[in-house]
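Report on the following structure.
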Amino acid sequence: MKTTSICSCQSCGKPFAAGDIVYFVPLDNNIVCHICAIEHDKVEPRVVEGAMELDTLFKVTTSSRPFVCDGCGTYVVPGEGRIISLLMVTVRLCPKCQREILQKLSKTD
Ligand SMILES: [Zn+2]
Ligand SMILES: [Zn+2]
C-alpha cells in the first residue's frame, strides 16, 4: 500500500498515528480520516508512515517581542518565551508552561 507523511486529517484535523489507514481523495488531493472519507465516492487507502515525532508535530520559535503567556498570564520578556505551533493552533508560552505542555503531550494517551 502507498504511504503518506501527512500527520492529520486535512478535512477535520484529526491527528493520525503511524500505521493508521487513511484515505487519499484524488478529487482534491487531500488525505482524510475514514470518517471524512465517507463523504467521497472515490478514495484510495494510504498508510501513515513513520512515528509522529514531537519535532515534526511542533514548530517552536523564540519570540522576539514581549508577550503575556497564554498559559499562566505571566509577562514574558523577549527571547525567553516560546511560540509553539501545534497543527493549526499557535500558543505563546513562558518557559515554565512550555515545559508542562510538552510533558503532557509527550505522554501518549
Ligand atoms: Zn477527518
Ligand atoms: Zn506561563
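Brief remarks on what is shown
- The set of residues in segment 50-62 being part of a loop (DSSP other than H, G, I, E, B) and either at pLDDT 85 or above or over 17 Å from residue 10 (Cβ atoms) (or both) consists of 50, 51, 53.
- When we screen 65, 46, 92, 82 for residues that are basic (Lys, Arg) and modelled with pLDDT under 80, the only hit is 82.
- Scanning segment 1-25 for residues that are in contact (Cβ under 8 Å) with a residue 24 or more places away in the chain and polar (S, T, N, Q) yields 3, 4, 5, 8, 11.
Residue-by-condition table, conditions (1) at pLDDT 90 or above; (2) more than 29 Å from residue 101 (Cα to Cα); (3) within 11 Å of ligand 1 (Cβ to nearest atom):
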position	(1), (2), (3)
10	yes, no, yes
16	no, no, yes
26	yes, yes, no
39	yes, yes, yes
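The values are calculated or read from the model by the stated rules, or taken from the named source; none is laboratory data. Quick caveat, the model's predicted, so the values are computed rather than measured. Cβ coordinates were reconstructed from backbone atoms using ideal geometry, including for glycine residues, and neighbour counts include every protein chain displayed.
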